[in-house]
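The values are calculated or read from the model by the stated rules, or taken from the named source; none is laboratory data. Just so you know, these numbers come straight off a predicted model, no measurement behind them. Positions of Cβ are generated from backbone atoms using ideal geometry, with glycine treated the same way; all protein chains shown enter the neighbour counts. Side chains included, ligands, DNA and RNA excluded: accessible areas come from the protein's heavy atoms. Shrake-Rupley method; radii C 1.70, N 1.55, O 1.52, S 1.80 Å.
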Amino acid sequence: DKWIISKLNNLVKEVTDNMDSFELGIAVQKVHDFIWDEFCDWYIELAKPRLYNKENAEERATAQHVLATVLTSAMQLLHPYMPFITEEIYQCLPHQAESIMVSQWPFAKEELMDDEAERLMGAIMDSIKAIRNMRAEVNVPPGKKVPAILLAAADLKEGVEANQNYIHLMGAIDELT
């Protein structure tokens, strides 16, 4: 959660700066890349187990809140480019303003920018990508769980161990050493 919130706040800062400088193409490309490469490809997939877990209501509510917050902000950033679609999506999300058109433009919160969370999640994502590439190279069926050995930098070891459930989930790993 810290990772995606940090990435969102960095995105808001960069897109706002780009739009202030009339670099509209760069701004929309950043929003596109964030929505597809980080939010959809990674965060939604990582949040699914918490969303389906009816036993831990607090974790489920946290994941739902983060998903709604990030998607709402992403729609606000995308609104100048795709007004009708973003308005329709905005109306389906929890929102404060009557319309996305009159909602407050997102602003970056420096206190939510977490370089360490981004670095750790980057390492976890790189590990998952490497595991998936190795599985593909040796033609391991997607449903088959396999063991894996991961060498992590000393300063990342504790964070990787604390988040190894993501590696198990996304890499189809049964035993991680």
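Side notes on the structure shown:
- Highest mobility in the GNM of the chain, judged by mean-square fluctuation with C-alpha springs under 10 Å and restricted to ASN163, ASN53, ASN139, is found for ASN139.
- Leading residue at positive end of dipole, the chain (Cβ point charges), from CYS40, GLN96, PRO83: CYS40
- Carbon/sulfur fraction of accessible area - the chain, other protein chains in place, 1.4 Å, %: 56
- Per-residue SASA entry for TRP3, accessible area with 1.4 Å probe, Å² rounded to 10: 20
- R0 of 25 Å, Cβ-Cβ distance ALA68-ASN165: FRET efficiency to nearest 0.05: 0.65
- Per-residue extension of 0.36 nm, minus the Cα-Cα distance of ASN53 and ASP20, leaves a gain of 7.6 nm for this segment.
- Candidates GLY143, GLY122, GLY159, ranked by Gaussian network fluctuation over the chain, Cα under 10 Å, top entry: GLY143
- Working note: 222 nm ellipticity from helices only, DSSP H runs with n ≥ 4, each -39,500 (n - 2.57), summed and divided by the residues of the chain, gives -19500 deg cm²/dmol to the nearest 500.
- The 1.4 Å probe gives accessible areas that order VAL66, VAL138, largest first, as VAL138, VAL66.
- Springs between Cα atoms under 10 Å define the GNM used for the chain, and in it the highest mean-square fluctuation of GLU110, GLU55, GLU45 occurs at GLU55.
- Each Lys and Arg Cβ is given +1 and each Asp and Glu Cβ -1; about its Cα centre, segment 77-135 then shows a dipole of about 440 debye.
- About the centre of its Cα atoms, segment 55-153 shows a dipole size close to 660 debye [charges on the beta carbon of Lys, Arg (+1) and Asp, Glu (-1) only; nearest 20 debye].
- For segment 63-177, with +1 on Lys and Arg beta carbons and -1 on Asp and Glu, the positive-most of PRO141, LEU67, MET121 along the dipole: PRO141
- Gain upon complete extension [LYS144, GLU98; 0.36 nm per residue less C-alpha separation]: 11.7 nm
- Mean separation of Cα pairs under 8 Å and 6 or more residues apart, divided by the residue count, gives the chain a relative contact order of 23 percent.
- Per residue, the chain exposes an accessible area of 62 Å² to a 1.4 Å probe, with every protein chain left in place.
- Dipole magnitude of segment 1-101 about its Cα centre (Cβ charges: Lys, Arg +1; Asp, Glu -1), debye to nearest 20: 280
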